[in-house]
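The structure appears below as structure tokens.
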Amino acid sequence: MTMIEQRIALEIKDKSLTKLAGNSYGRKLFNEQVNGKIDLEQPFVIEFPEQIDYLASSFIQGFFGKIYTEIGREGMEKNFDIIAPKIDSPKRAVLNRLMLM
């Protein structure tokens, strides 16, 4: 049985936006585009649009907070990956900022 790849390509309507910030904006984006669409217990990939070059801590905590609460750091290390072409080591950046919660 092959696993279906769980990949969510986020859509940011405002193409001029390059930096994502704000806890409530992160939560809103998560709830609209990710929540309930993936099984957090299985590997999943979140893909940010090409133009995004920065994720603020507030956004990360809002967007990834529920995932972190549900599967913890260990689950995220194992199951979660992130694609963000303009961000160096985006998975590391996200996990490091979530540690501060």
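The values are calculated or read from the model by the stated rules, or taken from the named source; none is laboratory data. It should be emphasised that the depicted structure is a prediction, and the values quoted were computed from it without experimental measurement. All Cβ positions, even for glycine, are placed from backbone atoms using ideal geometry, and neighbour counts span all protein chains on display. Areas reflect the complete protein model, heavy atoms only, side chains present, ligands, DNA and RNA absent. Shrake-Rupley method; radii C 1.70, N 1.55, O 1.52, S 1.80 Å.
Against the conditions (1) at pLDDT 95 or above; (2) under 12 Å from the mean Cα position of the chain (by Cα); (3) not in a loop (DSSP other than H, G, I, E, B), Tyr25 satisfies every one except (2). Flag set for Gln51, criterion: within 17 Å of Tyr25 (Cβ to Cβ), in contact (Cβ under 8 Å) with a residue 12 or more places away in the chain and over 12 Å from the mean Cα position of the chain (by Cα).
Considering the conditions (1) within 26 Å of Lys15 (Cα to Cα); (2) among the polar types (S, T, N, Q); (3) touching a residue at least 24 places away in the same chain (Cβ under 8 Å), Ser89 is excluded by exactly one of them, (3).
Candidates are the residues of the stretch 28-54 that are acidic (Asp, Glu) and assigned to a loop (DSSP other than H, G, I, E, B); the one that is nearest to Val94 (Cα to Cα) is Asp53. Would you tally the residues in the stretch 44-55 being open to solvent by less than 80 Å² (accessible area, probe 1.4 Å) and among the aromatic types (Phe, Trp, Tyr)? Of the residues in that region, 2 qualify.
Each residue in the stretch 28-38 was checked for being surrounded by fewer than 18 Cβ atoms within 10 Å (Cβ to Cβ) and out of contact with any strand residue (DSSP E or B) (no Cβ under 8 Å at 6 or more places or on another chain), and 5 of them qualify. Only one of the numbered conditions (1) under 17 Å from Ile8 (Cα atoms); (2) surrounded by fewer than 13 Cβ atoms within 10 Å (Cβ to Cβ); (3) modelled with pLDDT of 95 or more is not met by Glu41, and that is (3).
Is it the case, given these coordinates, that Met76 is open to solvent by 60 Å² or more (accessible area, probe 1.4 Å) and aliphatic (A, V, I, L, M)? So that I can check it myself, show each step before the final result.
Values: open to solvent by 60 Å² or more (accessible area, probe 1.4 Å): no; aliphatic (A, V, I, L, M): yes.
Here the answer is no, as Met76 does not meet what is asked.
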